[in-house]
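What follows is a single structure, written as C-alpha cells, with notes after it.
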Amino acid sequence: MKKIIAHVLWTTLVLLAVAMPAYSALNIGVTAPTFVTQASMGGKVFTYSLADALKKGPVVLYFYPAAFTPGCTIEAHDFADAIEKYQALGATVIGVSRDDIEKLNRFSVSECRSKFPVAADPDQSIMKSYDAILAVKPEYANRTSYGHL
C-alpha cells in the first residue's frame, strides 16, 4: 500500500511538471534556455533540439544525477509508466544527465523502457543554463524538473 501511495503521489507531482516547474531553480515565467544535444531513445542516437520539441507541444525536462543509480532508475520507471498521461496532454518528456551517449543508449532501453529520450550533457552546459547542478556534488545534476509550455 505504501508503494502504491508513493507512486500515485510521485505521478501526480510529475504530471504537475507539465503546467509548472517542480522543485526548480529558475523562476516561473523565465524564458527556457534552448539547447541541442545528442539523445537516445530505444537505444538509438539522434539530435535533440528543445526548440524543435516545443514547436510540437509542451515539454517536461527533467535532470537526474546519473543513469543506473537507484533513485534515477525509479524516476525513469515512473516517467515511463506515466508517459501515456503526458502524451494525452500533448506533452513530451526528456531526461538530461552528464552521462555519455553510450551509457544512455542502454539506460533508454532498460530503465526508460524505450518510451522517452534521455540526453547527454557531458560538459554540463545544459545543467548550468538551468541552474540544475547538485550543490553537494557539482559533477552531477540536481534532481530538478521543468515544464515548458
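The values are calculated or read from the model by the stated rules, or taken from the named source; none is laboratory data. Everything numeric in this text was worked out from a predicted model, so none of it was measured. Ideal geometry is used to build each Cβ from the backbone, glycine not excepted, and the neighbour counts take in all protein chains shown.
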**OP:** Kindly indicate the residue of the range 77-95 that is surrounded by 15 or more Cβ atoms within 10 Å (Cβ to Cβ) and hydrophobic (A, V, I, L, M, F, W, C) and also nearest to SER114 (Cα to Cα) among those meeting that condition.
**Re:** ALA80
Subject >> Enumeration of residues in the range 73-123 that are in a loop (DSSP other than H, G, I, E, B), in contact with a strand residue (DSSP E or B) (Cβ under 8 Å, 6 or more places away or on another chain) and over 22 Å from GLY57 (Cβ atoms) >> reply: ARG98, ASP99, ASP100, ASP121
Subject >> Residue count for the range 124-149, restricted to those that are part of a loop (DSSP other than H, G, I, E, B), surrounded by fewer than 20 Cβ atoms within 10 Å (Cβ to Cβ) and touching a residue at least 24 places away in the same chain (Cβ under 8 Å) >> reply: 7
Original post:
Quick one: LEU15 ticks every box in (1) out of contact with any Pro (no Cβ under 9 Å at 6 or more places or on another chain); (2) at pLDDT 95 or above; (3) buried (at least 16 other Cβ atoms within 10 Å of the Cβ) bar one, so which box is it?
Top reply: (2)
Subject >> Failed item, numbered, when ILE74 is tested on (1) over 27 Å from ALA135 (Cα atoms); (2) surrounded by fewer than 17 Cβ atoms within 10 Å (Cβ to Cβ); (3) among the β-branched types (Val, Ile, Thr) >> reply: (1)
Original post:
Scanning for something touching a strand residue (DSSP E or B) at 6+ places or on another chain (Cβ under 6 Å), surrounded by 16 or more Cβ atoms within 10 Å (Cβ to Cβ) and at pLDDT 80 or above, does the range 18-34 turn up at least one residue?
Top reply: yes
Subject >> Pairs, first in contact (Cβ under 8 Å) with a residue 12 or more places away in the chain in the range 83-111, second among the charged types (D, E, K, R) and surrounded by fewer than 20 Cβ atoms within 10 Å (Cβ to Cβ), C-beta under 6 Å, six or more apart >> reply: ILE83/LYS115
**OP:** Kindly indicate whether THR144 is closer than 29 Å to ASN27 by Cβ, among the hydroxyl-bearing types (Ser, Thr, Tyr) and at pLDDT 95 or above.
**Re:** no
